[in-house]
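Comments concern the structure below.
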Amino acid sequence: MVRRNTGSFCFHARHGSLPIRRVNPTELPLVLLPGLHGSVRLFDDVVGALRNHFPHRKFLPLPLPPDTPQDYPSLRDYFIGRLERIGPFVLLAESFSAPLALHLAASPRLALRRLILAGAFCHAPRCAAIRLLPLRGIFSLRPPAQAIRHFLTGKHSSKQLVDSVRSEIQLTGGEVLAARVRVMLSLTEDELPPVPQIPVLLLQANRDALLPKEARATLESHFPDARIEHIDAPHLLLQTAPEACAEAIAQFIR
């Protein structure tokens, strides 16, 4: 695990910043937003590892809604209504939820104090032409273990983890997954709103076979003052390296 940019870790607001009252980050609830599958069950290991560092902290894993439009502005509006009631908080967003987290961070209705992005991107990470494929039919099929290991969990991942990921993908359903993939593949940097000056941590997977290096480099350039942790893990780094991720997060929010 390699750490960079540790002296300063605030996002550079493109259009100014909002004044933020200082709050002890160790006392704030940690909200977790999942990746494409939308389920919170795959957070169990990393939340367990985080509890070793913060036994009294409140953790709030929130699933993505399957029955609303899946574009980021619609998801933003859905979560603002739920998050504005909790007061100041820290947000951890995984993969697909990273652009959603940026929309939430820009909302003046929320008291977001620190932002953590894991396996994240800020523009379409793969060829946009993929959205022309019959995605609903593809995602309705049972994902092969080889594909899950190659793109998500790593070639040496356990059968238990592969089965858990496959189960969550199948429970989400092909229609919802296809809708989210289309949103992801049409994303451009210009769609992302400017956010206030808050501390940001980027958790980058060194063995990510899903996000190309270009996408990760673009994300880092989008956050020039972020704290960056490179984790020796595949794309699902919160699931495959929960202890290393928890240590990096604990150092960030202590």
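The values are calculated or read from the model by the stated rules, or taken from the named source; none is laboratory data. A quick note: this is a predicted structure, and the numbers were derived from the prediction, not measured. We place every Cβ from the backbone using ideal geometry, glycine too, and count neighbours over all the protein chains shown.
Condition test on Pro66, is it farther than 24 Å from Val195 by Cβ and either in contact (Cβ under 8 Å) with a residue 12 or more places away in the chain or not β-branched (Val, Ile, Thr) (or both)? It is true that Pro66 is farther than 24 Å from Val195 by Cβ and either in contact (Cβ under 8 Å) with a residue 12 or more places away in the chain or not β-branched (Val, Ile, Thr) (or both). I need the full set of residues from the range 35-56 which are surrounded by 16 or more Cβ atoms within 10 Å (Cβ to Cβ) and of a type in the set (D, E, K, R), in order please. Scanning the range 35-56 gives a single hit, Asp45.
With respect to (1) over 24 Å from Arg149 (Cβ atoms); (2) crowded, with 20+ Cβ neighbours inside 10 Å; (3) touching a Ser or Thr at 6+ places or on another chain (Cβ under 8 Å), the lone exception for Leu236 is condition (1).
Among the residues of the range 70-86, count how many are farther than 23 Å from Asp44 by Cβ, in contact (Cβ under 8 Å) with a residue 40 or more places away in the chain and of a type outside the set (Asp, Glu). Residues in the range 70-86 being farther than 23 Å from Asp44 by Cβ, in contact (Cβ under 8 Å) with a residue 40 or more places away in the chain and of a type outside the set (Asp, Glu): 2 in total. Scanning the range 125-170 for residues that are part of a helix (DSSP H, G or I), touching a Gly at 6+ places or on another chain (Cβ under 9 Å) and at pLDDT below 90 yields Leu135, Arg136, Gly137, Ile138, Phe139, Ser140. When the residues of the range 15-37 are filtered to those that are at pLDDT below 70 and not in a loop (DSSP other than H, G, I, E, B), the one that is nearest to Leu185 (Cα to Cα) is Gly16. Residue count for the range 183-212 under the criterion of being in a helix (DSSP H, G or I) and either over 22 Å from Pro63 (Cα atoms) or in contact with a strand residue (DSSP E or B) (Cβ under 7 Å, 6 or more places away or on another chain) (or both): the result is 3. Do any residues in the range 38-57 that are at positive phi and modelled with pLDDT of 95 or more have Cβ atoms under 7 Å from those of residues that are polar (S, T, N, Q) and surrounded by 13 or more Cβ atoms within 10 Å (Cβ to Cβ), where the two are at least six apart or on different chains, and which pairs are they? Close Cβ pairs satisfying both conditions: Gly38/Thr172. Please determine whether any residue of the range 160-182 is touching a strand residue (DSSP E or B) at 6+ places or on another chain (Cβ under 8 Å) and closer than 21 Å to Leu102 by Cα. Scanning the range 160-182 turns up no residue that is touching a strand residue (DSSP E or B) at 6+ places or on another chain (Cβ under 8 Å) and closer than 21 Å to Leu102 by Cα. Any chance the range 65-78 includes a residue that's surrounded by fewer than 15 Cβ atoms within 10 Å (Cβ to Cβ), among the β-branched types (Val, Ile, Thr) and at pLDDT 70 or above? For the range 65-78, residues surrounded by fewer than 15 Cβ atoms within 10 Å (Cβ to Cβ), among the β-branched types (Val, Ile, Thr) and at pLDDT 70 or above: present. Quick check: anything in the range 185-195 surrounded by 21 or more Cβ atoms within 10 Å (Cβ to Cβ) and modelled with pLDDT under 85? Yes.
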